[in-house]
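Below: one structure, written as structure tokens.
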Amino acid sequence: MADPSSYRPKPGQIPDSPGVYKFRDEHRRVIYVGKAKNLRQRVANYFQDLANLHPRTRTMVTTAASVEWTVVSTEVEALQLEYSWIKEFDPRFNVKYRDDKSYPYLAVTLNEEFPRVQVMRGAKKKGVRYFGPYGHAWAIRETVDLMLRVFPVRTCSAGVFKNAERTGRPCLLGYIGKCSAPCVGRVTPEEHRDLAEDFCDFMAGRTGTYIRRLEKDMMQAAEEMEYERAARLRDDAEALKRAMEKSAVVLADATDADLIAVAEDELEAALQIFHVRGGRVRGQRGWVTDKVEAVDTSGLVEHALQQLYGEERGDAVPKEVLVPALPEDTEAVSQWLAERRGSQVSLRIPQRGDKKDLMATVQRNAQQALGLHKTKRASDLTTRSRALEEIAEALGLDTAPLRIECYDISHLQGDDVVASMVVFEDGLARKSEYRRFQIKGFEGQDDVRSMHEVIGRRFKRYLQEKERTGEWEEQAGDTPADGPAATGPAPTGPVPAVGPTAEDAEPREDDGRPKRFAYPPQLVVVDGGQPQVAAAQRALEELGIDDIAVCGLAKRLEEVWLPDDDDPVVLPRSSEGLYLLQRVRDEAHRFAITYQRAKRAKRIRTSPLDDVSGLGETRKQALIKHFGSVKKLRQATIDEICEVPGIGRRTAESVAAALASTAPAAPAVNTATGEIIEEDDGGSS
């Protein structure tokens with residue numbers, strides 16, 4: 001635990017202008033990011049008597065080892081930089097919202113030549129228009145099925161689309177009128193894009209225009225006695241009305257607004273967001289978070305706005321955002337939202353009428369979400385804490401192993417030998433810090449030797465990171481705790497706000513995130529028994545590391561092996577500690593075997609072109625596309641190969657030589673029919 005006075009900035013060193021500050025721990029990892037109108041006043045608040053600080057703030061400042069800041073011109077710039085840093089560094093003491101489920105969106109891929117309508121989950125992609133999120137994917141598909149009558153936009157995958165282009169026959173939707181079949185040229189790319197944009201307009205809430213247009217065309221067709229066309233237009237209008245009825249009218253003035261409600265207690269908070277477009281609820285989502293920093297409702301709202309709109313532009317930011325409490329700097333947040341939308345955004349608390357009633361509904365949803373989350377989380381927190389305590393007791397550790405790393409070796413009969421490293425923090429998987437290894441020191445099957453190599457490589461990198469950041473010298477007493485490191489790229493004290501720093505001169509290696517192997521575990525788990533454990537311990541001892549515990553989990557009887565012990569530690573089958581170790585070991589096994597299979601598959605799919613020095617993937621594809629197959633490329637002359645854009649004569653000669661050396665001795669023959677099998681694929685030969 002650090003003493004905040006050891007890294008407290010000197011009086012007058014902090015400017016009194018707007019800016020963003022970040023606290024780093026002893027490993028140079030950013031643990032908290034904040035913004036301030038006045039940096040001097042805000043940062044000084046963290047260095048008062050510890051007894052006067054909120055418990056969470058006290059934990060943060062005693063975990064930190066340095067503080068840095070960056071000066072900006074306005075509060076809006078500070079808001080933008082704070083959001084960017086929180087997203088980049090993922091600080092452990094900042095509020096981070098996470099979805100309480102993976103919500104599906106209705107997406108239109110406007111970044112493609114022929115836009116496609118589909119259900120999407122996960123991170124949003126550039127050039128794709130999103131609607132939602134929705135509670136269930138089937139609700140999206142029902143809505144899309146109704147709307148394809150009027151807006152027959154492509155919904156097929158790229159493979160189906162290319163196959164239809166090749167055969168000249170559309171899929172079933174093209175035959176029944178629910179796709180305009182751009183794959184076979186029934187509509188031009190421009191006409192199909194117009195359909196997709198009309199689809200987006202309707203989903204965005206501009207519904208009345210299309211229904212009135214259909215009804216007008218229907219009446220005109222009836223007057224001209226084109227009754228079949230009139231009936232079809234009538235059915236189209238009814239289909240759009242049924243699609244609209246799936247979302248009830250909640251605001252009579254056809255408002256575009258997002259409503260955000262917060263339910264919270266001392267430890268956690270839940271948010272619910274209703275997306276209202278054209279007066280109808282078009283989507284709903286929920287977030288939950290641990291209150292790892294001292295934050296009130298207005299702070300929770302501000303963090304929610306940053307996460308909700310930080311990556312959005314244009315109409316994705318509504319004209320009106322209704323919240324239960326205004327952020328501390330409402331003017332700056334409103335200006336930030338307006339910049340992202342491109343026009344004025346109203347940020348306010350609803351006071352009366354339909355909007356206040358709807359906010360009460362959103363608030364009830366938030367309360368229910370918090371109650372449900374706490375019911376699930378209570379047992380989970382208790383179980384994880386008990387598991388870590390049981391592991392510490394069984395292995396004789398001084399403290400619970402808050403960070404556990406597990407290693408596994410995978411191969412197929414001695415080929416493609418790889419290893420995996422998985423990380424669990426506080427009993428939960430931290431997938432961003434998983435790592436994969438290729439065994440380089442030898443060939444063949446030797447799990448013990450492989451484990452020794454992997455542990456040695458991992459912790460050698462750890463020692464290199466310590467030396468690079470200056471921790472090595474500090475531990476040896478070569479530099480004061482708050483002084484600059486001898487070899488580190490940045491000082492551990494305050495960073496000047498003006499001019500480039502040593503950190504900026506580096507290629508952003510020390511940016512606050514753990515770089516590959518910079519953060520040590522309290523416990524190393526290996527998949528295996530006594531030999532693997534002994535190899536791991538020997539690798540640590542060779543590097544002079546004696547403060548990291550090692551154990552192994554053998555699959556046969558689920559025994560826990562410790563270094564230099566002839567007998568294993570046997571945990572009860574009902575032990576939560578054993579269950580956690582099994583989860584860690586199984587995750588390492590899964591990660592290793594997935595990598596090994598991918599490596600093997602890549603080796604099987606190799607092409608003769610892979611051996612050509614300097615020939616990248618782009619030029620390989622250009623060659624195959626130009627000639628159609630490896631066989632035809634093999635038959636081409638050097639001059640013909642030079643005709644491919646980007647291929648020079650020297651490269652063409654290398655390609656011809658590589659293909660000649662791998663030419664098949666005789667054509668393959670189908671023994672059942674006697675037919676010669678042609679080599680027409682471009683993947684391998």
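The values are calculated or read from the model by the stated rules, or taken from the named source; none is laboratory data. Values in this document were obtained by computation on a predicted structure and should not be read as measured data. All Cβ positions, even for glycine, are placed from backbone atoms using ideal geometry, and neighbour counts span all protein chains on display. The protein model used for the area step is the full one, side chains on, heavy atoms only, and it has no ligands, DNA or RNA in it. Shrake-Rupley method; radii C 1.70, N 1.55, O 1.52, S 1.80 Å.
General observations
- Boolean, G529 is among the small types (G, A, S) and in contact with a Gly (Cβ under 7 Å, 6 or more places away or on another chain): yes
Residue-by-condition table, conditions (1) farther than 28 Å from C200 by Cα; (2) assigned to a helix (DSSP H, G or I):
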residue	(1), (2)
L271	no, no
T289	yes, no
E293	yes, no
L300	yes, yes
Q307	no, yes
D315	no, yes
L326	yes, no
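- Note on the range 431-471: residues that are under 21 Å from Q596 (Cα atoms) and either surrounded by 15 or more Cβ atoms within 10 Å (Cβ to Cβ) or not hydroxyl-bearing (S, T, Y) (or both) amount to 27.
- Scoring G122 on the criteria (1) open to solvent by 50 Å² or more (accessible area, probe 1.4 Å); (2) in a loop (DSSP other than H, G, I, E, B); (3) within 30 Å of E312 (Cα to Cα); (4) touching a residue at least 60 places away in the same chain (Cβ under 8 Å) leaves a single failure, condition (4).
- Answer residue from the range 187-243, given it is outside any helix (DSSP H, G or I) and open to solvent by 50 Å² or more (accessible area, probe 1.4 Å) and is modelled with the highest pLDDT among those: T188
- One residue alone among Q368, Q363 is without any contact (Cβ under 8 Å) to a residue 12 or more places away in the chain, of a type outside the set (D, E, K, R) and closer than 26 Å to L267 by Cα, and that residue is Q368.
- Residue that is in contact with a His (Cβ under 7 Å, 6 or more places away or on another chain), among the aliphatic types (A, V, I, L, M) and surrounded by 20 or more Cβ atoms within 10 Å (Cβ to Cβ), where the choices are V362, V288: V288
- Qualifying residue in the range 266-274 (condition: in contact with a Gly (Cβ under 6 Å, 6 or more places away or on another chain) and at pLDDT 85 or above): yes
One line per residue, one yes/no per condition, for (1) in contact with a Ser or Thr (Cβ under 8 Å, 6 or more places away or on another chain); (2) open to solvent by 30 Å² or more (accessible area, probe 1.4 Å):
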| position | (1), (2) |
| --- | --- |
| Q13 | no, yes |
| V20 | yes, no |
| V33 | no, no |
| A44 | no, yes |
| T63 | no, yes |
| V76 | no, no |
| L81 | yes, yes |
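- Conditions (1) closer than 20 Å to S661 by Cβ; (2) among the polar types (S, T, N, Q); (3) not in a loop (DSSP other than H, G, I, E, B): number failed by S613: (3)
- Scanning the range 403-423 turns up no residue that is open to solvent by 40 Å² or more (accessible area, probe 1.4 Å) and assigned to a helix (DSSP H, G or I).
- Flag if T109 is over 28 Å from H373 (Cβ atoms) and surrounded by fewer than 16 Cβ atoms within 10 Å (Cβ to Cβ): no
- For T62: the one exception among (1) more than 19 Å from K22 (Cβ to Cβ); (2) in a helix (DSSP H, G or I); (3) at pLDDT 85 or above: (1)
- Of all residues in the range 65-74, those satisfying the criterion of being among the β-branched types (V, I, T) and either open to solvent by 30 Å² or more (accessible area, probe 1.4 Å) or over 28 Å from the mean Cα position of the chain (by Cα) (or both) are T70, V71, V72, T74.
- Taken over the range 386-402, the residue count meeting the criterion of being acidic (D, E) and outside any helix (DSSP H, G or I) is 1.
- For the range 273-287, the set of residues classified as more than 18 Å from K124 (Cα to Cα) and not in a loop (DSSP other than H, G, I, E, B) consists of F274, V276, R277, R280, V281, listed by residue number.
- Count - residues of the range 566-600 that are among the aliphatic types (A, V, I, L, M), open to solvent by 40 Å² or more (accessible area, probe 1.4 Å) and not in a helix (DSSP H, G or I): 1
- In the range 132-182, counting only helices (runs of 4 or more DSSP H) that sit wholly within it, none holds 3 or more residues that are over 26 Å from R229 (Cβ atoms), β-branched (V, I, T) and in contact (Cβ under 8 Å) with a residue 24 or more places away in the chain.
- Any hit, the range 24-46, residues being farther than 30 Å from D201 by Cα, among the aromatic types (F, W, Y) and outside any strand (DSSP E or B): yes
- The single condition among (1) farther than 25 Å from S432 by Cα; (2) modelled with pLDDT of 90 or more that E558 does not meet is (2).
- When the range 541-552 is filtered for residues that are under 14 Å from Y407 (Cα atoms) and touching a residue at least 60 places away in the same chain (Cβ under 8 Å), the ones remaining, listed by number, are A549, C551.
- The range 376-409 - residue that is farther than 17 Å from V560 by Cβ and of a type in the set (S, T, Y) and, of those, modelled with the lowest pLDDT: S379
- Under the condition of being open to solvent by 40 Å² or more (accessible area, probe 1.4 Å), among the small types (G, A, S) and part of a helix (DSSP H, G or I), the residues counted in the range 328-345 number 0.
- Flag if T637 is open to solvent by less than 50 Å² (accessible area, probe 1.4 Å), modelled with pLDDT of 50 or more and polar (S, T, N, Q): no
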